[in-house]
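The values are calculated or read from the model by the stated rules, or taken from the named source; none is laboratory data. Please read these numbers as outputs of a predicted model, since none were measured by experiment. When we count neighbours, we look across all protein chains shown, and the Cβ atoms used for this are built from the backbone with ideal geometry, even at glycine.
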């Protein structure tokens, strides 16, 4: 549902419009500022993807400690997608022939397609597509950071 965007509690405190009866006590998570170690169960390719996406999310201040498991699953699906694309590099690998001479699509085609769907679905949780990114109210930094603002 579209409507007025919700202001952060801190902004309401500063403007003097905060009502204590309307505060929602949700879970508080820690925002990560350094890239966490990839889970040990990921293969080398997935660990590389984990680090790449984690750094992307950290740079945009969108990675929290509770997101690590979803990030690991996303990295594994990206790795599976890459593996399937490698297997399907030539057009002749798209079609397999059975023992009786029938032609059927390679299993790698469905593996690739499923991994692609999974990546889109999990990536939308992180705002990695234009539609889901619009839900996060991410505003690009127009002004460079002022070094004297902390003074």
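Taken together, the residues in region 16-43 that are in contact with a strand residue (DSSP E or B) (Cβ under 6 Å, 6 or more places away or on another chain) and either part of a loop (DSSP other than H, G, I, E, B) or at pLDDT 95 or above (or both) amount to 1.
Consider region 95-112. How many of its residues are in a helix (DSSP H, G or I) and surrounded by fewer than 16 Cβ atoms within 10 Å (Cβ to Cβ)?
Filtering region 95-112 down to residues in a helix (DSSP H, G or I) leaves 107-112.
Still in the list and also surrounded by fewer than 16 Cβ atoms within 10 Å (Cβ to Cβ): 107, 110.
Count: 2.
Evaluating residue 62 against the criteria (1) part of a loop (DSSP other than H, G, I, E, B); (2) under 17 Å from residue 118 (Cβ atoms); (3) touching a residue at least 60 places away in the same chain (Cβ under 8 Å) leaves one unmet condition, (2). Out of curiosity, is residue 79 out of contact with any helix residue (DSSP H, G or I) (no Cβ under 9 Å at 6 or more places or on another chain) and farther than 16 Å from residue 125 by Cβ? Judged against the criteria, residue 79 is not a match.
Evaluated against (1) assigned to a helix (DSSP H, G or I); (2) modelled with pLDDT under 95, residue 82 falls short on exactly one condition, (2).
The single condition among (1) in a helix (DSSP H, G or I); (2) buried (at least 17 other Cβ atoms within 10 Å of the Cβ) that residue 92 does not meet is (2).
Residue count for region 18-38, restricted to those that are within 17 Å of residue 59 (Cα to Cα) and loosely packed, with under 10 Cβ neighbours inside 10 Å: 3. State yes or no: is residue 73 assigned to a loop (DSSP other than H, G, I, E, B) and over 24 Å from residue 5 (Cα atoms)? For residue 73, the condition - assigned to a loop (DSSP other than H, G, I, E, B) and over 24 Å from residue 5 (Cα atoms) - is not met. The lone criterion from (1) modelled with pLDDT of 85 or more; (2) over 29 Å from residue 5 (Cβ atoms); (3) not in a helix (DSSP H, G or I) left unmet by residue 148 is number (1).
Going by the structure shown, is residue 79 free of Cβ contacts under 8 Å to residues at least 12 places away in the same chain and more than 13 Å from the chain's Cα centre (by Cα)? Working first, answer last.
On the way: free of Cβ contacts under 8 Å to residues at least 12 places away in the same chain: no; more than 13 Å from the chain's Cα centre (by Cα): yes.
Criteria not met by residue 79.
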